[in-house]
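The next block holds one structure in the form of structure tokens; read it before the comments.
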Amino acid sequence: MENKQYTAGDFKSAAKVTWCPGCGDFAILSSLQKAMAELKLTPENTAVISGIGCSSRLPYFMATYGFHTIHGRGSAIATGVKVANPDLSVWQITGDGDCLAIGGNHFIHAVRRNVDLNIILMNNKIYGLTKGQYSPTTERGYVTKTSPYGTIEDPFVPAELTMGARGNFFARSIDVDLSTTFDCMIEAAKHKGASVVEVLQNCVIFTDGVHDYYSDKETRPDRTILLKHGEKMIFGANRDKGLVLDGLKLKVVTIGENGITQEDILTHDATEADNALHYKLALMHNEGLPLAIGVIRNVEAPVYDQEVKAQIAEVQANKPQRKLRDFLLSGETWEVK
């Protein structure tokens, strides 16, 4: 409806939310509904597409158009929706198994093509819906139903896969950090092209506490760094730690020690086309480095669905055939008698 200011409540469906009590998906759903209201989207011009998995039940809980599709095919169907109607705001909801295993091929090509999709990737490092098999993001050595002696594989890092597919937008948040999740969704929607928001999400049944090292409220300021475009890379409970380059590696320093001042600290430029530093920031974890959250990469590039629309208009403008009959008779024809 024209001129109506929608609230988060207007994006909630009447369906009962059926996730397990305490699941991190609740917080992500709430952040998404608030973000849509903040963006002044309208339910009738918004589509939420998902594949299969716990996270992919989310479209049921939205009062928008939605499509709960088949396993791993969310990116392909969301691409079709967006190309058919570029004016729609299209959100893809997916999990680490749905997106990065059976859906991996569709995901990387949607990112490479730069289709204007807002992809929310809920990463709980497990297949929850099918009762606890290890996923492509499960850490090496983790014991699951299908790895009773621990996995013997190294996991995908979603940021690495996104940038490896020439992705232009990547952000990360944690389910318990609603403010950062909300901000990441807002920036993802504003970005023209494929935007990937990874949300580290807790599964209370199969991987409860898997993100505690970073999500714990008491220690989070020292173990994560919230990146903001144009601001110094400073973090810590006392805001006295920062990131600098030491050769080709990132290094944590303490402001005020060894002559280090705020001027020595790196400034985040999310719009830098060269992804070398974004890549290093996105891969930070362990070895004394904090986990980067917030918008890590946000670079403008040609958008697939807009390119398709422009190409169709150009071809139509230069073709004399305006009807199917004209087209069929435009080439070599003959009559069979």
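The values are calculated or read from the model by the stated rules, or taken from the named source; none is laboratory data. These numbers come from a predicted model, not from an experiment. For neighbour counting, all protein chains shown are included, and Cβ atoms are generated from backbone atoms with ideal geometry for every residue, glycine included. Remember, those area values only see protein heavy atoms, side chains included, never the ligands or the DNA or RNA. Shrake-Rupley method; radii C 1.70, N 1.55, O 1.52, S 1.80 Å.
Have a look at G97, G66, G72 and point out the one that is assigned to a strand (DSSP E or B), farther than 19 Å from K192 by Cβ and either at pLDDT 95 or above or open to solvent by less than 20 Å² (accessible area, probe 1.4 Å) (or both).
Sole residue among the options that is assigned to a strand (DSSP E or B), farther than 19 Å from K192 by Cβ and either at pLDDT 95 or above or open to solvent by less than 20 Å² (accessible area, probe 1.4 Å) (or both): G66.
Identify all residues within the range 224-264 that are out of contact with any Lys or Arg (no Cβ under 9 Å at 6 or more places or on another chain), among the basic types (K, R) and either open to solvent by less than 40 Å² (accessible area, probe 1.4 Å) or under 19 Å from L277 (Cα atoms) (or both); write none if there are none.
Within the range 224-264, K228, K232, K241, K251 qualify.
Could you name every one of the strands (runs of 3 or more DSSP E) located completely within the range 195-247 that has at least 3 residues being touching an Asp or Glu at 6+ places or on another chain (Cβ under 9 Å)? Walk me through it before giving the result.
Details: elements: 195-200, 224-227, 241-246.
In the range 195-247, 195-200, 241-246 are the strands (runs of 3 or more DSSP E) which contain 3 or more residues that are touching an Asp or Glu at 6+ places or on another chain (Cβ under 9 Å).
Look at the range 265-282 and say how many of its residues are assigned to a helix (DSSP H, G or I) and surrounded by 11 or more Cβ atoms within 10 Å (Cβ to Cβ). Talk me through it step by step, then tell me what you get.
The initial filter retains those residues of the range 265-282 that are assigned to a helix (DSSP H, G or I), namely 276-282.
Keeping just the survivors that are surrounded by 11 or more Cβ atoms within 10 Å (Cβ to Cβ) gives 277-282.
The number of residues fulfilling the criteria is 6.
Could you check how many residues of the range 316-337 are β-branched (V, I, T) and either at pLDDT 85 or above or open to solvent by 100 Å² or more (accessible area, probe 1.4 Å) (or both)? Please lay out each step first, then the result.
We begin by selecting, within the range 316-337, every residue β-branched (V, I, T); these are 333, 336.
Cutting the leftovers down to either at pLDDT 85 or above or open to solvent by 100 Å² or more (accessible area, probe 1.4 Å) (or both) gives us 336.
Total satisfying the criteria: 1.
A171 fails exactly one of the following numbered conditions: (1) small (G, A, S); (2) in contact with a strand residue (DSSP E or B) (Cβ under 6 Å, 6 or more places away or on another chain); (3) in a loop (DSSP other than H, G, I, E, B). What is the number of that condition?
(3)
From G164, G209, which residue is surrounded by fewer than 17 Cβ atoms within 10 Å (Cβ to Cβ) and within 16 Å of the chain's Cα centre (by Cα)? Spell out the reasoning first.
Numbers: G209 fails: within 16 Å of the chain's Cα centre (by Cα).
Answer to the selection: G164.
Counting only residues that are open to solvent by 10 Å² or more (accessible area, probe 1.4 Å) and under 21 Å from S75 (Cα atoms), how many does the range 296-315 have? Show your work before the answer.
First, the residues of the range 296-315 that are open to solvent by 10 Å² or more (accessible area, probe 1.4 Å): 297-304, 306-315.
From what's left, under 21 Å from S75 (Cα atoms): 297-304, 306-309.
Number satisfying all stated conditions: 12.
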